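Heads up, the thing below is written out as structure tokens.
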Amino acid sequence: MHWEGTGKALSRQLSVPGGVGGIGSHRTASSLSLSESSGTVPYLGTFLTDLEGLHSAFPERVHGGLINFDKRRREYDILARLRLYQVTCRQYQYCEDARFEHWLSTIELLSDEQQQLLSLEIQPERRFVSTV
């Protein structure tokens, strides 16, 4: 997703030395230039799935009980992308559409249990196996 729309600016920021998460970086996602950003708003579930997979695949500690900084860097990269997308979305401008608002108000709301069952039907629960 980060190669489309909003992600193009993100990819440029991540590839620049000192960009988001770079060594010696003093820039935050909120201070990045967003003038070139537009397009795709990725699903939050994509980021959560990546974080869950990362959490399950890599141990918190490495040899000798040291903190696994490689895992921390990967988590930071995912969170930095998410933050940049959130900041980019703030500049979107929407106009009211009465037909859309009417359609949206007629949609049947599902209970939490119904939502969970439908979600599992669409995307069955995956179990990550830890290699630790």
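Screening Val87, Val62 for residues that are under 18 Å from the mean Cα position of the chain (by Cα) and over 15 Å from Leu51 (Cβ atoms) leaves exactly one candidate, Val87. Against the conditions (1) open to solvent by 40 Å² or more (accessible area, probe 1.4 Å); (2) at pLDDT 80 or above, Val41 satisfies every one except (2). Filtering region 65-90 to residues that are of a type in the set (A, V, I, L, M) and over 15 Å from Leu44 (Cα atoms) leaves Leu66, Ile67. Within region 31-38, can one find any residue that is in contact with a helix residue (DSSP H, G or I) (Cβ under 8 Å, 6 or more places away or on another chain), closer than 30 Å to Glu125 by Cα, at pLDDT below 90 and not aliphatic (A, V, I, L, M)? No, there is no match, as no residue in region 31-38 is in contact with a helix residue (DSSP H, G or I) (Cβ under 8 Å, 6 or more places away or on another chain), closer than 30 Å to Glu125 by Cα, at pLDDT below 90 and not aliphatic (A, V, I, L, M).
Taken as a whole, the condition of being of a type outside the set (A, V, I, L, M) and not in a helix (DSSP H, G or I) applies to Glu96. Candidates in region 44-59 are the residues that are within 15 Å of the chain's Cα centre (by Cα) and of a type in the set (Gly, Ala, Ser); of these, the one that is modelled with the lowest pLDDT is Gly45.
Checked against (1) in contact with a helix residue (DSSP H, G or I) (Cβ under 6 Å, 6 or more places away or on another chain); (2) open to solvent by 90 Å² or more (accessible area, probe 1.4 Å), Asp112 passes all but a single condition, namely (1).
If you go through region 45-100 and keep only what is touching a helix residue (DSSP H, G or I) at 6+ places or on another chain (Cβ under 7 Å) and over 30 Å from Arg126 (Cα atoms), you end up with Val87, Thr88. Among the residues of region 75-93, the ones that are open to solvent by 100 Å² or more (accessible area, probe 1.4 Å) and either of a type in the set (Asp, Glu) or assigned to a helix (DSSP H, G or I) (or both) come to 1 in all.
The values are calculated or read from the model by the stated rules, or taken from the named source; none is laboratory data. Here the structure is a predicted model, which is why all the values come from computation and not from measurement. Virtual Cβ from ideal backbone geometry, glycine too; neighbours counted across all protein chains shown. Note: areas computed on protein heavy atoms with side chains; ligands, DNA, RNA excluded. Shrake-Rupley method; radii C 1.70, N 1.55, O 1.52, S 1.80 Å.
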